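To start, the structure under review is shown below, and the notes come after it.
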Amino acid sequence: MHIPYCVKRCGYCDFNTYTPAELQISEGLTQISNSYIDLLIAEIAQAKLQVGQASVPTIFFGGGTPSLMEPTDIARVISAITDNFGLTDDCEITLETNPDTVDKAKLAAFKAAGINRISFGMQSAVAHVLKTLDRTHNPANLPQVTNWAHEVGFTDISVDLIYGTPGESIADWQESIDAALALPINHISAYALIVEEGTKLANAIKRGEIAKVDDDLTAEKYLMADNAFSKAGFTWYELSNWSKSGGESKHNIAYWLNANWWGAGPGAHSHINGKRWWNVKHPNLYKEKISKNQSPTQDFEVLEPIQIESERLMLSIRLPEGIQKQTLNSDQLNTLSPYLENGALDAGKWAAGTVSLSLNGRLIADRIVREILL
Ligand SMILES: C[S@@+](CC[C@H](N)C(=O)[O-])C[C@H]1O[C@@H](n2cnc3c(N)ncnc32)[C@H](O)[C@@H]1O
Ligand code: SF4
């Protein structure tokens, strides 16, 4: 469930999200909440006509900033999915939350609305790093919002971190790691900063106002993070994701296993049984389509077997279980042998029949998988 609104666009982010100023809307986002949610509910009804019977195992409110929506509106979406499809008994329902947008009462209301997993955009605990990222929040907010979340009954709490921001020292990153590990959380996503073309950050780097990202330093930060997270009881279950036992995000795992999903909202992507489609990007066009009871789909593709296989390899290599050797041909296995010799692949797991990355191999996952794509 894509919520394409943010109070302010962060300097590094090129997600499909819009601010009230960009949309030239005078009413606040609270007023938008109700009417936007009506559109999502209408798309859920369209999904029902196309999908038929299905029991939903995970719902993810992603953004943008889903926590800007009213809890009663989030509850309406969950009811619409329940009424149209039904939820599995242990359905995981996640809300992405900007720490600036909630207080304890709002978190309690999200919990009452049916949200059972909450993911906070922390990014960094260091003020000058947050400033370079052009982020609004104060680092002191994180202990407060995660404690509130814990107090109102959330047990599945995650934070997103970004490492490799220009000007972030090793000591700064250590401070962010330590600050995250001091929070009452059971899941961490840590992403290397991607400098996206056209963002404020990319333009400032081009103009020489902000230094370039140092890739070697970024790799060192990944190793630091894995080391600290592992010592604190968080295990990696995907290249950029660590969790305590049982805290893995079922929703993310479904993406990596190439399961079926319906993405609702402007710009949302869907995948069902080898067909992929994506919605029109702009909220106004999306609204126009839905209001006329038309499909908001912009375009689609039917995946060829070779694309399905390539995606299987690219997604599976990101997981500790890796790729079953018996699914690869002898050319692919021969291509991988130098990586086994130089320690980028886990020798024990290789002997047991899987191509799985070692810690050093995780730093060059993309390079390794490119070599065996068909
Ligand atoms: C939709 S946001 C999370 C919720 C909320 N909008 C917020 O930022 O607090 C998803 C996450 O994507 C990550 N992200 C966005 N742009 C990124 C970039 N250019 N490089 C690395 N991570 C990025 C951030 O860690 C962010 O928390
Ligand atoms: S990082 Fe989050 S809050 Fe910032 S612009 Fe992107 S979606 Fe919005």
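The values are calculated or read from the model by the stated rules, or taken from the named source; none is laboratory data. Note that the coordinates shown come from a computational prediction; the quantities given were computed from them, not determined experimentally. Virtual Cβ from ideal backbone geometry, glycine too; neighbours counted across all protein chains shown. Ligands, DNA and RNA are excluded from the accessible area calculation, which covers all protein heavy atoms including side chains. Shrake-Rupley method; radii C 1.70, N 1.55, O 1.52, S 1.80 Å.
Just to confirm the filter: which trypsin sites (Lys or Arg not before Pro) across the stretch 198-235 are DSSP coil and have at most 12 other Cβ within 10 angstrom of their Cβ? Can you show the working numbers first?
Values: sites: Lys200, Lys206, Arg207, Lys212, Lys221, Lys231; in loops: Arg207, Lys212.
Here the trypsin sites (Lys or Arg not before Pro) that fit, given the DSSP loop and packing criteria, are Arg207, Lys212.
Assuming 0.692 mPa s and 37 °C, estimate D for the stretch 153-270 with Stokes-Einstein, Rh taken as the Kirkwood radius over Cα pairs, in µm²/s. It would help to have the intermediate numbers written out before the result.
Details: Rh = 16.1 Å.
After rounding, the answer is 204 µm²/s.
Across 10 Å bins from the origin, how do the percents of Cα pairs in the stretch 30-129 run, short distances first?
Result returned by the calculation: 14, 45, 29, 9, 2, 0.
Could you pull out every residue, at least 5 positions away or on a different chain, whose amide H is within less than 5 Å of the one on Ile162? Hs are placed 1.01 Å off N in the peptide plane, and Pro or chain starts have none.
Amide H neighbours of Ile162: Gln123, Ser124, Tyr191.
Looking at the stretch 158-290 only, what percent of DSSP beta bridges run antiparallel? Nearest 5 please. All intermediate terms of the calculation are to be shown ahead of the outcome.
Values: 11 of 17 bridges.
The antiparallel fraction comes to roughly 65 percent.
Can you work out the accessible area per residue across the chain, with the rest of the protein chains kept in place, probe 1.4 Å, in square angstrom?
Ligands and nucleic acids excluded, the result is 46 Å² per residue.
With the cut-off at 1.5 for a/c, could you classify the stretch 306-371 from its C-alpha gyration tensor as rounded, prolate or oblate?
Working: a/c = 1.44, a/b = 1.25, b/c = 1.15.
The shape class here is rounded.
Heavy atoms only, probe 1.4 angstrom, no DNA, RNA or ligands counted: give me Thr136, Thr218 ranked by accessible area, highest first.
Descending order: Thr136, Thr218.
Distance from a point 7 Å along Cα→Cβ of Glu309 to each backbone N in the stretch 316-341: keep the residues under 20 Å and list them by number.
Under cut-off, by backbone N: 316-318, 322-337.
Percent of accessible area on the chain owned by carbon and sulfur, 1.4 Å probe? Each step should come with its number before you reach the end.
Details: 8900 of 17070 Å².
That fraction is 52 percent.
Only helices at least 18 Å long along their own axis, judged from Cα atoms, and with Kyte-Doolittle mean hydropathy of -0.5 or greater: name those in the chain from DSSP H. It would help to have the intermediate numbers written out before the result.
Details: long enough: 29-51 (31 Å, 0.62); 71-84 (20 Å, 0.18); 215-231 (24 Å, -0.61).
Membrane-span-like by this criterion, though nothing is claimed about a membrane: 29-51, 71-84.
What are the radius of gyration and Dmax of the chain, computed over its Cα atoms and given in Å?
In order Rg, Dmax, the Cα atoms of the chain give 21.2, 63 Å.
Assuming R0 = 41 Å, can you tell me the calculated FRET efficiency for the pair His150 and Ser291, based on Cβ-Cβ distance, to the nearest 0.05?
Working: r = 41 Å, r/R0 = 0.99.
My answer for the efficiency is 0.50.
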